[in-house]
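Below is one structure, written out as structure tokens; the observations come after it.
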Amino acid sequence: MDVEASHDTVSDYLLAHSSPQDDVLARLAEETRTSFGGVSEMQITADEGALLTLLTRLVGAAYTIEVGTFTGYSSICIARGLAPGGRLLACDVSGEWTDLARRYWDEAGVTDRIELRLAPAAETLAALPPDPIVDLAFVDADKESYPTYYEELVPRLRSGGLVVLDNVLLGGRVFDEANQSERVTTMRAVNDRVAADDRVDAVMLPVRDGVTIARRR
């Protein structure tokens with residue numbers, strides 16, 4: 001089953017009462033739609049982008065990680081919220097998608113804050129120092145690897161740092177116990193793991209396709 005994340009009327013109202021996307025983000029969203037068709041649904045929405053910028057600013061983030069960059073919308077939102085001198089490590093495997101991201105990073109004036117690594121994110125994360133220096137991590141990539149990403153990131157979060165997981169509702173499919181696909185069962189397991197994890201305080205929000213925010217104790 002699919003559960004509609006928000007009725008169009010609700011969606012329009014939410015967008016009208018959130019910080020608006022600027023011209024750069026609006027053009028990036030439109031070019032992503034025209035260039036990549038249906039896969040463009042992977043791009044976050046303007047209200048979720050505003051949330052990422054706000055969270056980044058609230059924690060005073062200096063070092064951040066993004067797992068799943070796509071065409072760069074979320075990375076721009078995070079980079080704009082960084083503290084002076086802050087950095088974003090962007091992880092993806094697609095040169096095609098991130099070529100578009102690089103162009104818009106330039107337009108947004110955030111290229112100097114972002115390091116892109118084109119490699120499997122699990123390998124990139126595993127190779128990082130174990131020190132708890134991450135202020136914020138955003139995960140929006142292949143759902144089957146969420147358990148790996150979560151377990152690599154949480155030990156590297158500083159106390160008070162955040163990990164933000166996107167698409168935790170999977171269009172409502174996590175509610176349907178008859179759905180036993182790997183993608184869905186993996187997401188259910190991640191959701192259960194976060195809720196039971198005594199290393200973090202967490203809240204799951206019905207933002208778009210579901211967003212979990214976990215704060216390292």
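The values are calculated or read from the model by the stated rules, or taken from the named source; none is laboratory data. Just so we're clear, the structure is a prediction, and the values are computed from it rather than from any experiment. As a convention, Cβ positions derive from the backbone with ideal geometry for all residues, glycine included, and neighbour counts pool all protein chains shown. Side chains included, ligands, DNA and RNA excluded: accessible areas come from the protein's heavy atoms. Shrake-Rupley method; radii C 1.70, N 1.55, O 1.52, S 1.80 Å.
Counting only protein heavy atoms, what percent of the accessible surface of the stretch 1-156 is carbon or sulfur at a 1.4 Å probe?
55 percent
With a/c under 1.5 counting as rounded, go ahead and sort the chain into rounded, prolate or oblate using the C-alpha gyration tensor (a ≥ b ≥ c being the square roots of the eigenvalues; past the cut-off, prolate if a/b is larger than b/c, else oblate).
Because its axes are fairly even, with a/c under 1.5, the chain counts as rounded.
Output the relative contact order of the stretch 96-187, whole-number percent, from Cα pairs under 8 angstrom with separation of 6+ residues.
This gives 26 percent for the stretch 96-187.
Which of the listed residues, Leu89, Leu100, Thr71, is farthest toward the dipole's positive end in the stretch 27-111, when Lys, Arg count +1 and Asp, Glu count -1 at the beta-carbon?
Checked the options; the winner is Leu89.
Tell me, what is the percent relative contact order of the chain, built from C-alpha pairs under 8 Å that lie six or more residues apart?
About 19 percent, as a whole number.
For the stretch 100-142, report the accessible area per residue in Å² (1.4 Å probe, heavy atoms, rounded to an integer).
Heavy-atom SASA per residue in the stretch 100-142 reads 47 Å².
Mind giving me the nanometre distance, one decimal, between the label points for Thr111 and Val203, set 7 Å out from Cα along Cα→Cβ?
3.8 nm
Calculate, in nm to one decimal, what Arg193 and Asp99 gain on full extension: separation in residues at 0.36 nm each, minus their alpha carbon distance.
Between Arg193 and Asp99, full extension yields 30.4 nm more.
How much of the DSSP beta bridge set in the chain is antiparallel, as a percent to the nearest 5?
For the chain, the DSSP antiparallel bridge percentage is about 35.
Please build a GNM for the chain, connecting alpha carbons under 10 Å apart, and tell me which residue among Asp106, Asp12, Asp166 fluctuates the most.
Checking each option, the largest mean-square fluctuation is seen for Asp12.
May I have the convex hull volume per residue, in Å³, for the Cα set of the stretch 64-183?
117 Å³
With the contact rule set at Cα under 8 Å and sequence spacing of 6 or more, what percent relative contact order holds for the stretch 32-155?
27 percent
Given Cβ point charges of +1 (Lys, Arg) and -1 (Asp, Glu) and nothing else, what value in debye, to the nearest 20, does the dipole of the stretch 88-151 about its Cα centre take?
Its charge dipole is roughly 60 debye.
Only four residue types carry charge here, +1 at the Cβ of Lys and Arg and -1 at the Cβ of Asp and Glu. Report the dipole size of the chain about the Cα centre in Debye, rounded to the nearest 20.
Dipole size: approximately 760 debye.
Identify the residues of the stretch 101-126 with backbone N under 19 Å of a label point that sits 7 angstrom from the Cα of Arg158 along the Cα-to-Cβ direction, or state none.
Residues passing the 19 Å test: 113-115.
Given 0.36 nm per residue, what is the gain on full extension from Thr34 to Ala127 after removing their alpha carbon distance, in nm?
Computed gain between Thr34 and Ala127 is 29.9 nm.
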